[in-house]
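**Student:** Here's a structure for you.
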Amino acid sequence: EVAYFTNPQLPRDLRTAHFLDEDTIIITGAAGLIQKSSDGGQTFQIKESNVNVRLNGLSFIDSQNGWAAGRAGTIIRTANAGETWSTQNSGTTQRLMNIFFVDDQYGWAAGDAGTIIRTTDGGQTWQSSPSGTIRNLSGIHFTDRDNGWATGFLTVLRTTDGGLSWQEVNVGLLANFIDVRFIDSNNGWMVG
C-alpha cells in the first residue's frame, strides 16, 4: 500500500465486492475505483466516487443504499445502487478498513490504531467508539443495533451496547483476523 496509480487507463487493485441481486454487483478498489455490473459480472462500468483514495470496505442494507470506507477516514454513500456517491465526514483521518450497517441509521467502521466510529443517523454524523486497543482493526460486523464484533491484528472485540463499549475476547488463537461475520449472537466466523 505504498503507492498506486490514479490514471484510469491503468489497472487498479480491487478490495471488496457486494452483490445487490443476482445481476447487480458493486466493486471498490484503489484510487476511489467503483465498478458496477448490471449483467451478473459480464461487463462493468466505472462509476464516479468523488474520492481518490483506496476504498477498502463496502456495506449495503438493501439494493439501493450503501456505504464504502477507505484511506484517510473516507466514507462515501449511495442511495441509488451505486450510480452516484456522496462524501460523509467521518471525523477521523485514520485508514478505515471495513464498514457495516444494520439498517439505514446504524453503522460502524473500523480501521487503523484501534479506530472504531459509529453513526446513528445514516452517516450524517459519526462519533468515536473507543475500542480499548491501538492495534489495527480490519473487520466489523453487527447482528443488530447492539451486538457486534471487530477483528484485527491479534484482536477480537465484542460489544453488546451498540459500540459504546468494547471488550476483548480471547479466542485461543493469535492471528491477524481480517474479517468477521455472525449469523446470530452466538454463531459466527473469522478469517485471517
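The values are calculated or read from the model by the stated rules, or taken from the named source; none is laboratory data. Remember, predicted model here, so these are calculated numbers, not experimental data. Counting neighbours? That spans all protein chains shown, and the Cβs are built from the backbone with ideal geometry, glycine included. The protein model used for the area step is the full one, side chains on, heavy atoms only, and it has no ligands, DNA or RNA in it. Shrake-Rupley method; radii C 1.70, N 1.55, O 1.52, S 1.80 Å.
**Student:** Within segment 145-183, which residues are closer than 23 Å to Gly122 by Cα and either more than 18 Å from the chain's Cα centre (by Cα) or part of a loop (DSSP other than H, G, I, E, B) (or both)?
**Tutor:** Correct list: Arg145, Asp146, Asn147, Thr160, Asp161, Gly162, Gly163, Leu164, Ser165, Trp166, Ile183.
**Student:** So in segment 145-191, with the set limited to residues that are of a type in the set (D, E, K, R) and either on the phi > 0 side of the Ramachandran plot or touching a residue at least 40 places away in the same chain (Cβ under 8 Å) (or both), which one is least open to solvent (accessible area, probe 1.4 Å)?
**Tutor:** Here the residue is Asp179.
**Student:** Hey, another quick one. Output yes when any residue across segment 104-122 is closer than 22 Å to Ile27 by Cα, open to solvent by 20 Å² or more (accessible area, probe 1.4 Å) and either in contact with a Gly (Cβ under 6 Å, 6 or more places away or on another chain) or in a loop (DSSP other than H, G, I, E, B) (or both), and no when none is.
**Tutor:** yes
**Student:** Another question, then. I'm trying to understand the selection: among the residues of segment 123-141, which are among the hydrophobic types (A, V, I, L, M, F, W, C) and surrounded by 22 or more Cβ atoms within 10 Å (Cβ to Cβ)?
**Tutor:** Of everything in segment 123-141, those that are among the hydrophobic types (A, V, I, L, M, F, W, C) and surrounded by 22 or more Cβ atoms within 10 Å (Cβ to Cβ) turn out to be Leu137, Ile140.
**Student:** Same structure again: Which of the residues that make up segment 55-87 are touching a Phe, Trp or Tyr at 6+ places or on another chain (Cβ under 7 Å) and under 15 Å from Arg15 (Cβ atoms)?
**Tutor:** Ser59, Gly66, Trp67, Ile75, Ile76
**Student:** When Asn52 is evaluated against the numbered criteria (1) in contact with a helix residue (DSSP H, G or I) (Cβ under 8 Å, 6 or more places away or on another chain); (2) assigned to a strand (DSSP E or B); (3) polar (S, T, N, Q), which criterion, by number, is the only one it fails?
**Tutor:** If we test Asn52 against (1) in contact with a helix residue (DSSP H, G or I) (Cβ under 8 Å, 6 or more places away or on another chain); (2) assigned to a strand (DSSP E or B); (3) polar (S, T, N, Q), just (2) comes out false.
**Student:** Here are some residues: Thr43, Thr74. Which one is of a type in the set (S, T, N, Q) and modelled with pLDDT of 95 or more?
**Tutor:** Only one candidate passes the filter, namely Thr74.
**Student:** Just the residues that are out of contact with any helix residue (DSSP H, G or I) (no Cβ under 8 Å at 6 or more places or on another chain) and of a type in the set (Gly, Ala, Ser), please, taken from segment 90-110.
**Tutor:** Gly107, Ala109, Ala110
**Student:** Of everything in segment 84-99, what is farther than 13 Å from Phe60 by Cβ and part of a loop (DSSP other than H, G, I, E, B)? Give them in sequence order.
**Tutor:** Thr84, Asn89, Ser90, Gly91, Thr92, Thr93, Gln94, Arg95, listed by residue number.
**Student:** If I filter segment 36-87 down to residues being touching a Leu at 6+ places or on another chain (Cβ under 8 Å) and among the aliphatic types (A, V, I, L, M), which single residue comes out as surrounded by the fewest Cβ atoms within 10 Å (Cβ to Cβ)?
**Tutor:** Among them, the one singled out is Ile46.
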